[in-house]
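**Q** Shown below is the structure under consideration.
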Amino acid sequence: MVTKDDLMMTKHAQDEAMDDGISRVEIAEAISRGPRIPEGNHFITIYRHFTVVFEKLGDKFKVITVHLGR
């Protein structure tokens with residue numbers, strides 16, 4: 001299970017998450033439970049009401065962007 005401590009958020013992802021009211025806990029849950037769609041060197045997951053784009057870096061997850069919807 002991914003935890004909020006496993007996330008490395010880009011500035012862009014932090015800003016988008018804050019603007020959209022999406023918490024780090026929700027992002028970690030999306031990465032843990034949502035489907036992982038490979039896209040180049042990163043993954044896209046659509047979970048509940050938002051989308052997360054991230055890369056796996058060792059045992060951490062670099063969150064590139066987060067936004068409401070698909």
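**Q** Once label points are set 7 Å from the Cα along Cα→Cβ at both LYS4 and HIS67, what is their separation, rounded to one decimal in nm?
**A** Once both label points are built, they end up 2.5 nm from each other.
**Q** Can you compute the modelled spin-label distance between LYS11 and LYS60, with each label point 7 Å from Cα toward Cβ, in nm?
**A** 1.7 nm
**Q** Follow-up. Net charge near LEU68: determine it from the other residues with C-beta under 14 Å of the C-beta of LEU68, scoring Lys and Arg +1 and Asp and Glu -1.
**A** -3
**Q** Provide the per residue accessible area, probe 1.4 Å, for the chain, rounded to a whole number of square angstrom.
**A** It amounts to 59 Å² per residue over the chain.
**Q** Next up: Rounded, prolate or oblate, given the Cα gyration tensor of the chain, with a/c below 1.5 counting as rounded?
**A** rounded
**Q** Considering only protein heavy atoms and a probe of 1.4 Å, how much of the accessible area of the chain is carbon and sulfur, as a whole percent?
**A** Its accessible area is 54 percent carbon and sulfur atoms.
The values are calculated or read from the model by the stated rules, or taken from the named source; none is laboratory data. This structure is a prediction, so every number in the text was calculated from the model and none was measured. Note: ideal-geometry Cβ built from the backbone for every residue, glycine included; neighbour counts use all protein chains shown. Remember, those area values only see protein heavy atoms, side chains included, never the ligands or the DNA or RNA. Shrake-Rupley method; radii C 1.70, N 1.55, O 1.52, S 1.80 Å.
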